[in-house]
Amino acid sequence: MLILDRIYYQYDLYPILDGVSLTLAPGQILCLTGPSGCGKTTVMRIAAGLIKPNSGVVNNRFAGTAYVFQEPRLLPWQTTQENIAFGLKAQGISPAKRDRYSQELAQQLGLEKALNHYPHQLSGGMQQRVALGRALAINPDLLLLDEPFKGLDIGRRREFQAMLLKLLSDRKLAACIISHDLAEAVRFGDRILVMSPSPSRIVHQWQSPQSPATRDEVYIYQEVSQLLALPQVSSCFHLNNIASHPNFMKSQSN
Ligand SMILES: Nc1ncnc2c1ncn2[C@@H]1O[C@H](COP(=O)(O)OP(=O)(O)OP(=O)(O)O)[C@@H](O)[C@H]1O
């Protein structure tokens, strides 16, 4: 279980988080969404223990937490396989086991043909998958993912999303995923927290009884449309008048 309780945070004198609370249970997927710059990464850095809040409580009871940053941050002088195995070496695992495990992960992530490639030889999407492999290699029970689909075209994005959902479900991992895209959050999250512009508060919580793997496009866009009809959500994304737009009303009644 991860618990953040009434977190306040400021950078220099600028207040960023204004009493943010959240909980994340084992196996659950929580999406943090909100406009650019509202403080989503700051929440994640606090959850990971990388920075300390000015006040509030952080209680991370997961045994192992892995963080996948917005930029893949791979070691440029190491191959795909070596980058994936990076954390295993620090855990004292033998070279033979490291090789076997990193090859298995590379296969699950569709990277088997790029095992001996260096980061500069990989596309942005492949680099993101290597970063995910490196995080999964240490066998965490909590995965923190900051904008994991950033910069991918729609086809690659869907492919990576399906792969990630399967990995999370097969390994029964809890995940906290940042996305500024409401549709992506609805596609993925068991729960969504919508954050307001900074100083940021949680202005809305959304939860679905339907498992992410079974959600289709119609369901996703209906839910997004209902979320955007809520003034506290639409105003966060600077869409103040969306609910009164004649076409919006038409789409709601269809
Ligand atoms: N090291 C820092 N020093 C000062 N201000 C910072 C620092 N890091 C972030 N900020 C500011 O804190 C605010 C929140 O940043 P954060 O990266 O948490 O937002 P975000 O919601 O993750 O943004 P994005 O969606 O664009 O990635 C922003 O206004 C940002 O400019």
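Things to note:
- Number of residues in the stretch 78-118 that are farther than 25 Å from R45 by Cα and in a helix (DSSP H, G or I) equals 20.
- Close pairs (6 angstrom Cβ cut-off, 6 or more residues apart or separate chains): more than 15 Å from R215 (Cα to Cα) in the stretch 170-192, more than 13 Å from the ligand (Cβ to nearest atom) and of a type in the set (V, I, T) anywhere: A175/I29
- Among (1) touching a helix residue (DSSP H, G or I) at 6+ places or on another chain (Cβ under 8 Å); (2) within 15 Å of the ligand (Cβ to nearest atom), the one test that N54 misses: (1)
- Test: residue in the stretch 163-175 that is over 12 Å from the mean Cα position of the chain (by Cα), within 28 Å of Y8 (Cβ to Cβ) and either small (G, A, S) or away from the ligand (no atom under 16 Å from the Cβ) (or both): no
So that you can scan it fast, the table gives a plain yes or no per residue for (1) of a type in the set (G, A, S); (2) within 19 Å of L173 (Cα to Cα); (3) outside any strand (DSSP E or B):
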position	(1), (2), (3)
C38	no, no, yes
L50	no, no, yes
G56	yes, no, no
A63	yes, yes, yes
Q70	no, no, yes
P76	no, no, yes
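- Candidate set: the stretch 1-17, residues that are closer than 21 Å to P35 by Cβ and within 21 Å of the chain's Cα centre (by Cα); chosen: the one nearest to the ligand (Cβ to nearest atom): I16
- Qualifying position, being farther than 24 Å from D146 by Cβ and more than 16 Å from the ligand (Cβ to nearest atom), among A85, A96: A96
- Here P35 meets each of (1) touching a Cys at 6+ places or on another chain (Cβ under 7 Å); (2) more than 9 Å from the ligand (Cβ to nearest atom) with one exception, condition (2).
Every number here is computed from the coordinates shown, using simple stated rules; none is lab data. Note that the coordinates shown come from a computational prediction; the quantities given were computed from them, not determined experimentally. Backbone-built Cβ (ideal geometry, glycine too); neighbour counts: all protein chains shown.
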